[in-house]
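Taking it in order: structure first as structure tokens, then the write-up.
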């Protein structure tokens, strides 16, 4: 495999304050150029924290971070000041869940896209505006020329999210980070935005990390999936591997409790208990207290990701994986 | 036995009588046009057609799922039924008795028979009450002695899976989302209601916790003979949980029928589009084309004729000219849809195709 675009190694993030929380605990993953990684997990699993860490968006005074993040040849952890500003939006950019909050309500959508382009590139205002228009057309906003002068509140939710994507693409980033971009949208609009993201990714050849709690949405757009729990990646692999032959009991439980074709007269196979408290993670596997397969080893030692039989790139962090490990 | 319990559980009309029938329910909200600033000239008075003539009935012991996108009026319908807001028009008949009308049932009795669980588990609990107090509050307000109300609250906490000695004294912020929603369910049950309105009650919960709460709701329904109105945007959950499904679009019911008929043989183009917009769980079989273009339209000034026609691939001239009727589609009269295509008398077959900029071909 060629050198990955993004490589994350042993990333740890802790938040301080009234309570200390270990939000990420040794997260490592790679993302190839032009690849879409779906990051799946429930609230508090660390999926959004991972994305924000990639842009260094956490307040430095209350966050301690360690580990390595490399995008292309850039060492992200070392970036400061002007270089960090250029990196954000230029190399990697983010689409947030709520475009209503991400846009400034006092400026038109066009002004905000133009501002972003001018901040990154030495081109004239007219050229920037022409690019903004081209972007709005590219994300399939009807009557793009008119919408360029619209304020965010004048647009519907789906249209705002399209404009948000246009803004994120303004400086042709190599890495697009999408944080639950379709969660706030209605079903018929959600599928439009998912298809748009897939299409843009193919056309522009970007790498994308798509964070979601909705397995269906992740399956629609991703090449690979990584499942997070308690600030760790517990399983990763191709979409088909993870969805059709899950190796981690948590992934299996999550898939089972996502009601798709459960017979109506049967109770749902629910995972007992609640997600872990990040301020007091258990010493071993974070899922052990809820896991039917848990043993003494699970409660004491944190399992590492290991390859599963059948596919070297299908890896799970479990002492009692549901599949045979490749090197038993 | 207190008066509270006696009045609450009595079945009056027998099993064949619908528990609740809703007729001609209508609610229009006036839109204040730039009214916040006194010197700005006001535009013409406009109205949000939130709910526009909704009729349906819920049988005893049934779960009726209500689906639709934002702005379709599903939550307003729930609030109208719970009488949290007053309807412009329409009537409610609860087990054969008119609600809050002459000779019918008093509003207070009706509310005791009907409870609601909301989406936001935190906002629906008083932050200054302990969980035990929160559950006991309603029955006490309806005249149950404090000691009995507390005992009932503790029994209910235990029933929804929260140990009363551990959780009874806690405040809302000390519980997780799943636990708070269990408390909200316990509080709704404190009146021994017969009808429970679940308005996106599991939407905010994580999937693994959502399954637990759905299982709890199923058990409680069996145990207490409850009837549910289950409002949700998650079509998988609605399919699993409901006996019948009602699909709403822009303030109207466009299709209603048994869950198998809606999911297996939908007869309204909107229902079909909504169902095929659900992401596929099969990586080898991804969605290739969006079934609908554009956003749901604004419920202010909905289009004349069929309200879905602007986004409908099947729209013809007749769809703009006259509003379709709700028509029965099966022999036993359980499946209805509001579409000219099912109506031979509508002239749809001979009507010219409509030019439709937004519809995907």
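Every number in this text was worked out from the coordinates using simple rules, so none of it is lab data. Just so we're clear, the structure is a prediction, and the values are computed from it rather than from any experiment. A quick note on method: Cβ atoms are made from the backbone with ideal geometry, for glycine too, and the neighbour counts reach across all protein chains shown.
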Per residue, the convex hull volume that the Cα atoms of the stretch A:1-105 enclose (Å³): 137 Å³
Exercise: per-residue mean of other protein chain Cβ atoms within 10 Å, A:57-65: 0
Equivalent ellipsoid, the stretch A:81-210 (semi-axes from 5 times Cα gyration tensor eigenvalues, Å): 21, 18, 14
Stokes-Einstein D in µm²/s, Kirkwood radius over Cα pairs - the stretch A:223-284 at 25 °C with 0.890 mPa s viscosity: 186 µm²/s
Value at 222 nm in deg cm²/dmol, rounded to 500, when DSSP H runs of n ≥ 4 in chain A each add -39,500 (n - 2.57): -9500 deg cm²/dmol
Interatomic Cα distance distribution for the stretch A:1-40, bins of 5 angstrom, percent: 7, 19, 19, 19, 15, 10, 7, 4, 1
Pairwise label distance in nanometres, residue B:47 with residue B:334, each label 7 Å out on the Cα-Cβ vector: 3.6 nm
Zero-based 5 Å bins, Cα pair distances in the stretch A:156-205, whole percents: 4, 20, 35, 25, 12, 4
Per residue Cα convex hull volume in Å³ - calculated over the stretch B:91-195: 106 Å³
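Could you quote the convex hull projected area for the stretch B:236-317, Cα atoms only and averaged over all directions, in nm²?
The orientation-averaged projected area of the Cα hull of the stretch B:236-317 comes to 6.4 nm².
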Degrees between helix B:131-141 axis and first principal axis of chain B (Cα, 0 to 90, nearest 10): 90 degrees
Fewest-first ranking of B:27, B:47, using other Cβ atoms within 10 Å as the exposure measure: B:47, B:27
With Cα atoms, 0 to 90° folded angle of helix A:157-168 axis to chain A main axis: 80 degrees
Choice from B:84, B:162, B:198 with maximal GNM fluctuation in chain B (Cα, 10 Å cutoff): B:84
Cα-based Rg of chain B normalised by 2.2 N^0.38 Å, two decimals: 1.08
Cα long-axis angle, helix B:207-224 against chain B (0 to 90 degrees, to the nearest 10): 70 degrees
Distance between modelled label sites at residue A:118 and residue B:352, nm, 7 Å Cα→Cβ extension: 5.0 nm
Per-selection Rg to Rh, the stretch B:73-134 - Cα, Kirkwood hydrodynamic radius: 1.05
Taking the stretch B:119-228 and dividing mean pair separation by its residue count, relative contact order in percent (alpha carbons under 8 Å, at least six apart): 32 percent
Among A:116, A:182, A:251, residue whose mean-square fluctuation peaks in a GNM of chain A (springs only between Cα atoms under 10 Å): A:116
Average projection area in nm² (convex hull over Cα atoms of the stretch B:217-361, one quarter of hull surface): 10.9 nm²
Sites residue B:137 and residue A:84 - FRET efficiency at Förster radius 56 Å, r taken between beta-carbons, to 0.05: 0.60
log₁₀ of I(q)/I(0) at q = 0.05 Å⁻¹ - the protein assembly as shown, Debye sum with one point per alpha carbon: -0.27
Max mean-square fluctuation residue, GNM over chain B, Cα-Cα springs under 10 Å, options B:30, B:328, B:303: B:30
Mean shadow area of the stretch A:40-95 over all directions, Cα convex hull, nm²: 4.6 nm²
Translational diffusion of the stretch B:195-292, µm² s⁻¹ [Kirkwood Rh, Cα pairs; Stokes-Einstein; 25 °C; 0.890 mPa s]: 164 µm²/s
Square roots of 5 times each gyration tensor eigenvalue, C-alpha, the stretch A:105-168, largest first, Å: 18, 12, 10
Descending Cα extents along the principal axes, chain A, whole Å: 66, 50, 44
log₁₀ of I(q)/I(0) at q = 0.17, 0.26, 0.32 Å⁻¹ - the stretch A:194-241, Debye sum with one point per alpha carbon: -0.53, -1.04, -1.29
Cβ-based exposure ranking for A:222, B:350, in which fewest neighbours within 10 Å come first: B:350, A:222
Relative pair counts by distance (%), Cα atoms of the stretch B:273-353, 10 Å bins: 16, 36, 32, 15, 1
Principal axis box of the stretch A:235-328, alpha-carbon based, largest edge first, Å: 39, 34, 21
For the stretch A:53-75 versus the stretch A:76-139, the gap between their alpha-carbon centres in whole angstrom: 20 Å
P(r) tail fraction, the stretch A:152-311 - alpha-carbon pairs more than 26 Å apart, %: 41 percent
The stretch A:52-133 - Debye-derived log10 I(q)/I(0), Cα point model, q = 0.16 Å⁻¹: -0.77
Estimated distance in nm for a label pair at residue A:309 and residue B:317, the labels positioned 7 Å out from Cα along Cα-to-Cβ: 6.9 nm
Where only alpha carbons of the stretch B:165-223 are counted, the Rg and the Dmax (Å): 11.8, 31
